[in-house]
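A.B. asks: I have a structure here, written as structure tokens, and I will follow up with some questions on it.
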Amino acid sequence: MFRTLDTADLRDKRVLLRVDLNVPMENGKVTDATRIARVAPTITEIADKGGKVIILAHFGRPKGRDEKDSLRPVANALSHVLKRHVDFAADCIGPEAKTAVDAMKPGDILVLENTRFHKEEEKNDPAFVQALAALGDIFVNDAFSAAHRAHASTEGLARKLPAYAGRTMQAELDALTRALVAPAKPVIAIVGGAKVSTKIDLLENLVGRVDALVIGGGMANTFLHAQGVKIGKSLAERDLADTARRIMDKAEAAKCAIILPVDAIVAFHFEANAPSQAYGLDAIPADGMILDLGPLSVERVNHAIDDARTLLWNGPLGAFELPPFDRGTVAAARHAAERTKAGKLVSIAGGGDTVAALNHAKVADDFSYISTAGGAFLEFCEGKPLPGVEVLRVK
């Protein structure tokens, strides 16, 4: 479906490679090199095949040139991860960039300065696209996390140069295809988090694509309220009751089972280790807050996972940041991980809170694939076309 490096002729080519280097920094040092490590295989493959690797990336949200958002320290961290020399150019277009590119030999690696130092980047300005394209022979996009934006370095370049997906982009697309486009059935989705309002499009798309949908976290409270359950002082968007009922009706029409909590862990203070106990849904105290799935609900979720061959997970099932209200999320995550390790489940997860929750449960390495792409992951799961992906499709 997509053009990949398998079909690209890289030898002696100037390869403009778009990656995600938007990494956490502190005192001028990279504090987490996870994103750098993810793109390292694409960089080394292009270099080892004789390409000249010219790296494009953004960092932060600068309004014009701002040295605190320079990619220079990130280039140093990249060199450390790759264990190879990495050059740096103080601009991504113009004389400095051209001089640095012209000096490259096959296998060299060069990082160009933050593309967002130019306001034309986010406007996908044709002249800016042309200035970037003049530096390369082919374009490789390995930044799925930025693929939902039609920017010069994510979408514009792919219309100017022969364009391919890098290995990280390819892995994301393969995983999401396995989850949503051509999954092994039955398919279950677990969607949690605080607010229905941020995931309406996601829920409405999923009910037409999956066989069962588990709804947890604060979102579940909104659905329970819509069904007439008295949820006390629990976090909920009570004004979205009609929206919740519409989603449930759509699920019923699509023969998608909606799985909601049947019991809950309730506390009276939103804080770690607050006294709590399990209640049935018909007995939630008026001054209580639902903060996690109850034991019967955890059992129900695990049975749903047992029935599935494919799992898509976005969002925690309770207030997992506060012990002991992490138990429901941890139990379901570990059950899914065991099924995955046994070869009985393809498990794909994404979203910042989801990754944090799976790391907390110490099972992130046991899932089939975990996306760190945030907004792009969510938009793909909502069924929206991503500009940076669409231009890579084989016509």
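The values are calculated or read from the model by the stated rules, or taken from the named source; none is laboratory data. Note that the structure is predicted; figures quoted are calculated from it, not measured. Note that we place each Cβ from the backbone using ideal geometry, even for glycine, and neighbour counts take in every protein chain shown. Accessible surface is based on the protein model in full, side chains and every heavy atom, while ligands, DNA and RNA are left aside. Shrake-Rupley method; radii C 1.70, N 1.55, O 1.52, S 1.80 Å.
A.B. asks: With all protein chains present, how much of the accessible area of region 221-303 (probe radius 1.4 Å) comes from carbon and sulfur, to the nearest whole percent?
C.D. replies: The value for region 221-303 is 54 percent carbon and sulfur by accessible area.
A.B. asks: Rounded to the nearest 20 Debye, what is the dipole magnitude of region 95-254 about its Cα centre when Lys and Arg each give +1 and Asp and Glu each give -1 at the C-beta?
C.D. replies: Here the size comes out at about 600 debye.
A.B. asks: Select from Ala357, Ile109, Ser145 the residue farthest towards the positive end of the dipole of the chain; place +1 on Cβ of Lys and Arg, -1 on Cβ of Asp and Glu, and compute about the Cα centre.
C.D. replies: Result: Ile109, furthest along the dipole toward the positive end.
A.B. asks: Given points 7 Å out from each Cα along the Cα-Cβ axis, report the Arg61 to Ala286 separation in nanometres with one decimal.
C.D. replies: 4.3 nm
A.B. asks: Before rounding to the nearest 500, sum -39500 (n - 2.57) across all DSSP H runs of length at least 4 in the chain and divide by the residue total; then give [θ] at 222 nm in deg cm²/dmol.
C.D. replies: Result for the chain, helices only: -10000 deg cm²/dmol.
A.B. asks: Which one of Leu392, Ala274, Leu293 is farthest out on the positive end of the charge dipole of region 240-395, using unit charges on Cβ (Lys, Arg +1; Asp, Glu -1) and the Cα centre as origin?
C.D. replies: Leu392
A.B. asks: Region 187-216 to region 17-53: how many Å between their Cα centroids?
C.D. replies: Each part's Cα centre sits 33 Å from the other's.
A.B. asks: Could you derive backbone 3J(HN,Hα) for region 148-160 from the dihedral phi with the Karplus parameters 6.51, -1.76 and 1.60 (θ = phi - 60°), listing whole Hz in sequence and x where the residue is Gly or Pro?
C.D. replies: Values, residue by residue: 7, 10, 8, 9, 4, 8, 10, 10, x, 4, 5, 8, 9 Hz.
A.B. asks: Let me spell out the model: positive unit charges on the Cβ of Lys and Arg, negative unit charges on the Cβ of Asp and Glu, origin at the Cα centre of region 279-320. What dipole size does that give, in debye rounded to 20?
C.D. replies: Dipole of region 279-320, to the nearest 20 debye: 180 debye.
A.B. asks: Okay, next question. Treating the Cα atoms of region 154-269 as identical point scatterers in vacuum, please give the log10 of the normalised Debye intensity I(q)/I(0) at q = 0.12, 0.14 Å⁻¹, two decimals.
C.D. replies: For region 154-269 at q = 0.12, 0.14 Å⁻¹, log10 I(q)/I(0) is -0.55, -0.68.
A.B. asks: Taking the Cβ of Ala182 as the center, what net charge do the other residues with Cβ under 14 Å away carry, scoring Lys and Arg +1 and Asp and Glu -1?
C.D. replies: +3
A.B. asks: How big is the dipole moment of region 204-268 about its Cα centre under a simple scheme where the beta carbon of each Lys and Arg is +1, that of each Asp and Glu is -1, and everything else is neutral? Debye, nearest 20, please.
C.D. replies: 60 debye
A.B. asks: Still on this model: What's the ranking of 358-365, 68-75 by average number of surrounding C-beta atoms within 10 Å, highest first?
C.D. replies: Most protected by this proxy first, the peptides run 68-75, 358-365.
A.B. asks: On to the next question. At a Förster radius of 25 Å, what calculated FRET efficiency corresponds to the Cβ-Cβ distance of Ala37 and Asp174, to the nearest 0.05?
C.D. replies: 0.85
A.B. asks: Please give the Cα centre distance for region 318-349 versus region 98-133, rounded to the nearest Å.
C.D. replies: Centre-to-centre distance over Cα atoms comes out at 42 Å.
A.B. asks: Give me the percent relative contact order of the chain, please, defined on Cα pairs under 8 angstrom at least 6 residues apart.
C.D. replies: Relative contact order comes out at 16 percent.
A.B. asks: Per residue, how much accessible area does the chain have with a 1.4 Å probe, in Å²?
C.D. replies: Per residue, the chain has an accessible area of 42 Å².
A.B. asks: So who's got an amide H within less than 5 Å of the one on Thr4, skipping anything under 5 residues away but keeping other chains? H placed 1.01 Å off N, in plane.
C.D. replies: Residues meeting the criterion, in which the H sits 1.01 Å from N, are Ala165.
A.B. asks: For region 210-224, what does the Karplus curve 6.51 cos²θ - 1.76 cosθ + 1.60, with θ = phi - 60°, yield as ³J(HN,Hα) per residue in whole Hz, taken in order and with x for Gly and Pro?
C.D. replies: Once θ is set to phi - 60°, the couplings for region 210-224 become 10, 8, 8, 10, 8, 10, x, x, x, 4, 4, 4, 4, 5, 5 Hz.
A.B. asks: When N counts the residues of the chain, how does its alpha-carbon radius of gyration compare numerically with 2.2 N^0.38 Å, as a ratio?
C.D. replies: So the Cα radius of gyration is 1.09 times the expected 2.2 N^0.38 Å.
A.B. asks: Quick check: the angle from helix 34-48's long axis to the longest principal axis of the chain, C-alpha only, nearest 10 degrees?
C.D. replies: 40 degrees
A.B. asks: Could you estimate the translational diffusion coefficient of region 201-274 from the Stokes-Einstein equation, with Rh from the Kirkwood formula over C-alpha pairs, at 4 °C and 1.567 mPa s, in whole µm²/s?
C.D. replies: 99 µm²/s
A.B. asks: Sticking with this structure for a sec: How far, in nm, would the chain grow between Asp102 and Arg245 when pulled straight, counting 0.36 nm per residue and subtracting the alpha carbon separation?
C.D. replies: Residue separation times 0.36 nm, minus the Cα-Cα distance, leaves 45.4 nm.
A.B. asks: Check which residues have an amide H placed less than 5 Å from Phe88's amide H, if you skip close sequence neighbours.
C.D. replies: Long-range HN contacts for Phe88: Val111.
A.B. asks: For Glu237, what residues show an amide H to amide H distance below 5 Å, using hydrogens built from the backbone and excluding near sequence neighbours?
C.D. replies: When sequence neighbours closer than 5 places are left aside, the close amide H contacts are Val196, Thr222.
A.B. asks: Cα centroids of region 255-297 and region 74-95: how far apart, whole angstrom?
C.D. replies: 50 Å
A.B. asks: Same structure, new question: Under the 0.36 nm per residue contour assumption, what length would be gained going from the current alpha-carbon distance of Asp6 and Glu26 to full extension?
C.D. replies: Value of the extension gain: 3.4 nm.
A.B. asks: Between their Cα atoms, which of Lys123/Lys195; Lys13/Lys83; Lys13/Lys98; Lys344/Lys384 are more than 19 Å away from each other?
C.D. replies: Table pairs above 19 Å Cα-Cα are Lys123/Lys195; Lys13/Lys83; Lys344/Lys384.
A.B. asks: Restricting to Cα pairs below 8 Å that are 6+ residues apart, what does the relative contact order work out to for region 255-359? Please round to a whole percent.
C.D. replies: Reported relative contact order: 25 percent.
A.B. asks: Still on this structure: Can you give the FRET efficiency for Ala272 and Glu252, using 1/(1 + (r/R0)^6), R0 = 41 Å, r = Cβ-Cβ distance, to the nearest 0.05?
C.D. replies: So, using R0 = 41 Å, E works out to roughly 0.60.
A.B. asks: Relative contact order of region 1-148, please, whole-number percent, based on alpha carbon pairs below 8 angstrom and at least 6 residues apart.
C.D. replies: So the answer I get is 32 percent.
A.B. asks: Go through 293-304, 209-220, 345-356 and give me the packing order, highest mean Cβ count within 10 Å leading.
C.D. replies: Per-residue Cβ counts within 10 Å, averaged per peptide and sorted highest first, yield 209-220, 345-356, 293-304.
A.B. asks: Using a Förster radius of 22 Å, what is the FRET efficiency between Glu382 and Lys185 based on their Cβ-Cβ separation? Nearest 0.05, please.
C.D. replies: 0.60
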